[in-house]
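Comments concern the structure below.
The values are calculated or read from the model by the stated rules, or taken from the named source; none is laboratory data. Predicted model, so just to flag it, every value in this text is computed and none were measured. Every residue, glycine as well, gets a Cβ built from its backbone with ideal geometry; the counts of neighbours run over all protein chains shown.
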């Protein structure tokens with residue numbers, strides 16, 4: 001993997017997004033002082049609506065608002081740069097937030113995009129198509145959704161894996177982004193068509209034997225999978241559990257209490273994602289900690 005050169009952080013200058021930019025600045029420092037790009041998007045539709053409400057000359061009021069926003073963003077960039085000793089570049093864009101965030105990340109070739117989750121409302125917004133959710137759909141770069149106030153470097157990381165290429169890249173990203181953390185690679189396994197086998201009259205003993213074989217197979221695959229990262233064996237704990245992936249991940253997150261969950265993005269179409277949901281979306285909705293989603297396409301270019 002090449003060294004990460006830039007991190008992009010989106011901010012709406014609210015208290016909620018301050019957690020995201022703080023975490024982004026911390027990561028930029030921890031990764032050797034990489035550049036942090038701080039982007040704020042002024043929505044074009046909201047701006048157009050404002051123009052219809054103004055009684056004063058719209059150009060004058062609009063310019064004052066933009067200048068005040070630029071001053072606030074520049075001040076924030078200066079404070080982050082001074083506190084974390086990193087280069088910070090502020091930028092204001094105009095348009096649809098998710099589109100501009102993705103375009104900005106591509107423009108600066110960001111190795112990571114950091115977004116804020118707006119507290120408890122994030123779950124509701126995810127259903128309705130929030131900026132974070134829309135950005136994740138279009139983004140081909142690793143994205144970090146920050147849910148907690150950052151207290152220090154990540155120390156306890158959970159990486160759900162299914163032994164696919166996106167999962168491998170997620171594990172590599174966890175090793176990169178949290179070099180001092182304890183990392184748990186978790187695989188949830190099931191017996192294919194177990195319900196149908198029971199309905200067909202298969203005995204509990206036979207089903208149990210299938211579970212044992214499935215666990216043995218998953219353990220072998222987990223050992224081979226972890227070895228592909230080239231990491232020191234002491235860095236990664238391997239865990240294989242029976243059950244559906246969302247439930248297993250939730251149970252283990254409750255038990256392990258990670259401060260970060262890292263998952264691979266499998267590139268589902270928007271239609272498939274809307275109909276069936278995805279394990280990644282379940283985790284984003286339910287996790288109490290920060291969640292990183294790693295797209296397989298661009299990790300090596302980060």
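Data overview
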read-out	value
Members of segment 65-76 that are within 11 Å of residue 13 (Cα to Cα) and either outside the structural domain of residue 40 (by TED's automatic domain parsing) or touching a residue at least 24 places away in the same chain (Cβ under 8 Å) (or both)	69, 72, 73, 76
Residue match in segment 118-129 (condition: at pLDDT 95 or above and either in the same structural domain as residue 33 (by TED's automatic domain parsing) or on the phi < 0 side of the Ramachandran plot (or both))	no
Subset of segment 82-115 (residues that are part of a loop (DSSP other than H, G, I, E, B) and touching a helix residue (DSSP H, G or I) at 6+ places or on another chain (Cβ under 6 Å))	86
